[in-house]
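Peer 1: Pasting in a structure now, in structure tokens, and then I'll have a few things to ask.
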Amino acid sequence: MADFLPMLWYFLLVVTMTLFIILDGADLGIGVLSLGVGESRRSAMVAAIGPLWYANETWLVVGGATLFGAFPLAYGVILSSLYIPAMMLLFGLIFRAVSIEFRSHSEHKRLWGIAFGIGCLLAVAGQGLIFGGLFSNLKIEGGSFAGRPWDWLNAWSVIIALGVLAAYAMMGAAHLVRKTEGEGQIQNRWLLLGSASVALASFVAVVVLMMLGYAPVSLVWSKPPQVYFVPLFLLVTLLGFVMLLISSRGGKSDKIPYILAVIVFLGTAAATIGGIFPYLIPFSLSIAQAASPQASLVFMLFGAGIILPIIILYNLYVHRVFAGKVYEDEAESNY
Amino acid sequence: MEYAAVDVARAQFAVTTIFHMLWPLLSIGLSLFMVVMEIMWLRTGDEMYYRQVRFWSILFILTFGIGVASGVPLEFQFGTNWSRFSAATGNIVGNLLAFEASMSFALEAAFLAVFIFGWNRVSRRMHLFSNIMVAFGASLSAFWIMAANSWMQTPAGVSLEGGKIAITNYLQATFNPDLPVAFTHIWVASIETTLFFVGGICAWYILRNRNVDFFLKAFKIMVIIGIVVAPLQIFLGDASGLTVIKHQPAKAAAMEAHWVTNPPDTSASWVLVAQPDQKEQDNDWEVKIPYMLSILSTHSIKGQVVGLKDFPINDQPPVTLPFYAFRIMVLLGFIMLFLVLWALWQWYRKRLRVESAPKHRIFWNFWLYGIPAGFLATECGWIVREVGRQPWLVYGIMRTNEGVSPVDITATVTSLSLFIIVYLLLLGLFIYFTDRILKKGPDMISPLPTFRKPNSTGGD
């Protein structure tokens, strides 16, 4: 029972962060892709994320606050040890937010469009390096980071970050396929094929490096109980990738690629979480060690835990309101 | 070394907070104002109210965008720069921030999509509902942020066991003694700040003789709100001062540069202006008003007011900054009350009519240059609040230098410099784009929204 609350909050944290990565990951990925296209297509891209990116970014804010409230030790250690990539993420999000707003009022749409893309690139790179950095054997002593400011930067974390970058671009491209039609959709399908190929290559590279024992911190998959499901999740991810590559060009449906991209993300997340369980920071800080006292977790459950399903419900409503293709007159004019 | 790291981390928190605060102040007020306008539209059917909502929402979304952009770094800064504080107080400050994110920010951000982009996608009632949810989320957000901050001012419901902060009563910790007045004071501040922002923009148009009818309507609503809010805020300021005297006497003494406790049966004089000297533990020079401090602080002629010298020097907050910030805030509070009363007088003398209004140029210029008044007053109040809490991070429990992250100082200095550059740029761009939006003026011709069902592929 003593373990139940930390686990429940860990579950809620995982749900929140996964929602962020899938929903805002697509928005950020579209931003990264927008750096490679002309101005008219960029307009369509901004319109596709237009109404909902604030709501999607909310999940990061909820996730960050959940981490702070439920796992304060991990919150402090992660953000102070990964100070530089955390700042990249934050400055990236600043640029993304204000560039979208300024772009709608400016005559220099190209300038703000590029600022928007760079903001997204910075935010994704920051996330990728945080993710890679967490697997870089960070030195923690007495509940505090005891390493140096650049410890997170190494070949390993860079490969992971590249994979994250490609995967977000893939998510973005799959979302664009869903949101566009005709010639625009065909172009977006090419973007999907390209980004999914790079993401798959990084995925394979990371898994192979871990199997050969070159990684500073690896997933646990050779011992029970992990041996029963971590390889399975990795296989699901691999299958998801292959089917995504097939459906990206050939498929008729414009929703299937998006669903497959989500499956790839879920498979990776499940393998990662399963592979480091019960650690929050592999392999130095466990979920139970990082958790707030029981009374605090109960208090938070009454305030924030109960509200989470409600948030999901009204977000579903809002996503439904904006479902389907982008209205033409919504592309720019609604500001 | 440790000392310098604390200073840089504090400077970064100060810079990011001072900048961030500008935007929620405005978005809380504007969102409430737009709710009023949209209700009026649905009730009266007068198209002008619809156009008011649309016009002010352009400025609202710009404000909201910069607010989110500058607010997210603030949330994560607890972890990046104050990891030891986070680890020690996550079980209450972190909880309250999680409430803020999940109950309020999520609500505001989701319904904002419908409010801004949903005009043609939902019914008018649903749109009003979204508007209300945005406003409710924004105000609730301020409540939770103030709950977290006021716990740091008056930490209740805690016990200290073996140097660790343990929360013994979560309700007491959340509804700590400072919260009621602190939240009300800042919530009313955001309404008052917005009032002068909107009023000043109305003045800008009326001075240029553009859309006079449209902006007189908005201005009059501001005046009506102002009659309530401006005096109320002065009363709340007084109540807030009494809370500080009761719970944080050192801060109260620093705000007033009051060094020596007045002996029983005598009165404390109020220092109007002075040059406080912390080393000498006295003021180098001062202008005093007899009896006044006793009256202000205790509401009686011979009330005893604790002086700063009663506290050991290493428990004293800095004096000069809170002392002057406090005075500027109070002065601005009365100037704003005066501007509201002046507007009321103009209205009474029938000078707020479309034909004659633009002629009263001095009056409108005062309102135009009154735009920064609310922002400045609130920032000063916040400086008093935070600098006056020093040297404590959590009052009486944790010192500021005990909460800082073990982050390399080069990294903090770099991020601080970047924040300063980026925030100055954002402020400049906000002013630039607001100027463009104002020059473009309200849209008086677009057709009213028509509700189209989703998935109808649009276009028609």
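Peer 1: Given the stretch B:165-259, what helices (runs of 4 or more DSSP H) lie entirely inside it while holding 3 or more residues that are more than 28 Å from B:Tyr395 (Cα to Cα) and among the aromatic types (Phe, Trp, Tyr)?
Peer 2: Counting at least 3 such residues, we get B:179-207, B:212-247.
Peer 1: Scan (1) in a helix (DSSP H, G or I); (2) more than 14 Å from chain B (Cβ to nearest Cβ) for the single condition A:Leu313 breaks and write down its number.
Peer 2: (2)
Peer 1: Here's a check for you: in the stretch B:378-404, which residue that is acidic (Asp, Glu) and either modelled with pLDDT under 95 or within 22 Å of B:Ala156 (Cβ to Cβ) (or both) is surrounded by the fewest Cβ atoms within 10 Å (Cβ to Cβ)?
Peer 2: Once the filter is applied, the top-ranked residue is B:Glu402.
Peer 1: Taking interchain pairs and intrachain pairs at least six residues apart, which have beta carbon atoms under 7 angstrom, with the first residue in the stretch A:236-254 and closer than 16 Å to A:Gln185 by Cα and the second of a type in the set (S, T, N, Q) and outside any helix (DSSP H, G or I)?
Peer 2: If the second residue must be of a type in the set (S, T, N, Q) and outside any helix (DSSP H, G or I), no pairs are left.
Peer 1: Is the stretch A:272-284 home to any residue that is touching a residue at least 24 places away in the same chain (Cβ under 8 Å) and within 14 Å of chain B (Cβ to nearest Cβ)?
Peer 2: Yes, because at least one residue in the stretch A:272-284 is touching a residue at least 24 places away in the same chain (Cβ under 8 Å) and within 14 Å of chain B (Cβ to nearest Cβ).
Peer 1: What number goes with the only condition from (1) at pLDDT below 90; (2) within 14 Å of chain B (Cβ to nearest Cβ) that A:Glu57 does not pass?
Peer 2: (1)
Peer 1: Being facing chain B (nearest Cβ under 10 Å), of a type outside the set (Gly, Ala, Ser) and buried (at least 16 other Cβ atoms within 10 Å of the Cβ) is the requirement here; does A:Val236 meet it?
Peer 2: no
Peer 1: Let me ask something additional. Please count how many residues of the stretch B:73-87 are of a type in the set (Phe, Trp, Tyr), within 21 Å of B:Lys164 (Cα to Cα) and free of Cβ contacts under 8 Å to residues at least 60 places away in the same chain.
Peer 2: 1
Peer 1: Which members of the stretch B:416-445 meet the condition of being touching a Leu at 6+ places or on another chain (Cβ under 9 Å) and either closer than 20 Å to B:His20 by Cβ or loosely packed, with under 15 Cβ neighbours inside 10 Å (or both)?
Peer 2: Matches in the stretch B:416-445: B:Leu427, B:Phe430, B:Phe433, B:Thr434.
Peer 1: Also, quick follow-up: Here are the criteria: (1) within 11 Å of another protein chain (Cβ to nearest Cβ); (2) more than 27 Å from A:Ala55 (Cβ to Cβ); (3) crowded, with 16+ Cβ neighbours inside 10 Å. Tell me which single one A:Val298 does not satisfy.
Peer 2: The failed condition is (3).
Peer 1: Name the pairs whose Cβ atoms lie under 8 Å apart, with the first residue in the stretch A:58-83 and closer than 21 Å to B:Phe105 by Cβ, the second charged (D, E, K, R) and assigned to a helix (DSSP H, G or I), and 6 or more positions between them or separate chains?
Peer 2: A:Trp59/A:Asp24; A:Leu60/A:Asp24; A:Val61/B:Glu75; A:Gly64/B:Glu75; A:Ala65/B:Glu75; A:Ala65/B:Glu100; A:Phe68/B:Glu75
Peer 1: Do any helices (runs of 4 or more DSSP H) lying entirely in the stretch A:78-191 carry at least 1 residues that are at positive phi, within 14 Å of the chain's Cα centre (by Cα) and hydroxyl-bearing (Ser, Thr, Tyr), and which ones are they?
Peer 2: Of the helices (runs of 4 or more DSSP H) lying wholly inside the stretch A:78-191, none has at least 1 residues that are at positive phi, within 14 Å of the chain's Cα centre (by Cα) and hydroxyl-bearing (Ser, Thr, Tyr).
Peer 1: Listed residues B:Ala239, B:Ala173, B:Ala182, B:Ala203; which is in contact with a Leu (Cβ under 9 Å, 6 or more places away or on another chain), closer than 30 Å to B:Gln390 by Cα and among the aliphatic types (A, V, I, L, M)?
Peer 2: Result: B:Ala173 is the single residue among B:Ala239, B:Ala173, B:Ala182, B:Ala203 that is in contact with a Leu (Cβ under 9 Å, 6 or more places away or on another chain), closer than 30 Å to B:Gln390 by Cα and among the aliphatic types (A, V, I, L, M).
Peer 1: Please state which of the following conditions B:Ser150 fails to meet, knowing it meets all the rest: (1) touching a residue at least 40 places away in the same chain (Cβ under 8 Å); (2) closer than 25 Å to B:Ala9 by Cα; (3) more than 7 Å from chain A (Cβ to nearest Cβ).
Peer 2: With respect to (1) touching a residue at least 40 places away in the same chain (Cβ under 8 Å); (2) closer than 25 Å to B:Ala9 by Cα; (3) more than 7 Å from chain A (Cβ to nearest Cβ), B:Ser150 is out only on (1).
Peer 1: Within the set of pairs 6 or more residues apart or between chains, which connect a residue that is acidic (Asp, Glu) inside the stretch B:205-223 to a residue that is modelled with pLDDT under 95 with Cβ atoms less than 9 Å apart?
Peer 2: Hits for this filter: B:Asp213/B:Met48; B:Asp213/B:Val354.
Peer 1: Here is a follow-up. Which of the residues that make up the stretch A:97-113 are facing another protein chain (nearest Cβ under 8 Å) and charged (D, E, K, R)?
Peer 2: A:Glu101
Peer 1: Could you tell me whether the stretch A:144-156 includes any residue that is surrounded by 22 or more Cβ atoms within 10 Å (Cβ to Cβ), out of contact with any Asp or Glu (no Cβ under 6 Å at 6 or more places or on another chain) and within 14 Å of chain B (Cβ to nearest Cβ)?
Peer 2: Looking for residues that are surrounded by 22 or more Cβ atoms within 10 Å (Cβ to Cβ), out of contact with any Asp or Glu (no Cβ under 6 Å at 6 or more places or on another chain) and within 14 Å of chain B (Cβ to nearest Cβ), one finds at least one in the stretch A:144-156, hence yes.
Peer 1: Output the number of the condition that B:Ala14 fails; it satisfies all remaining conditions of (1) within 14 Å of chain A (Cβ to nearest Cβ); (2) within 20 Å of the chain's Cα centre (by Cα); (3) surrounded by fewer than 23 Cβ atoms within 10 Å (Cβ to Cβ).
Peer 2: Only one criterion in (1) within 14 Å of chain A (Cβ to nearest Cβ); (2) within 20 Å of the chain's Cα centre (by Cα); (3) surrounded by fewer than 23 Cβ atoms within 10 Å (Cβ to Cβ) is unmet by B:Ala14, namely (1).
Peer 1: If we scan the stretch A:195-205, do we find a residue that is farther than 21 Å from A:Leu35 by Cβ, away from chain B (no Cβ under 14 Å) and of a type in the set (Gly, Ala, Ser)?
Peer 2: yes
The values are calculated or read from the model by the stated rules, or taken from the named source; none is laboratory data. Note that this is a predicted model, so its numbers are computed, not measured. Cβ: placed from backbone, ideal geometry, glycine included. Neighbour counts: every protein chain shown.
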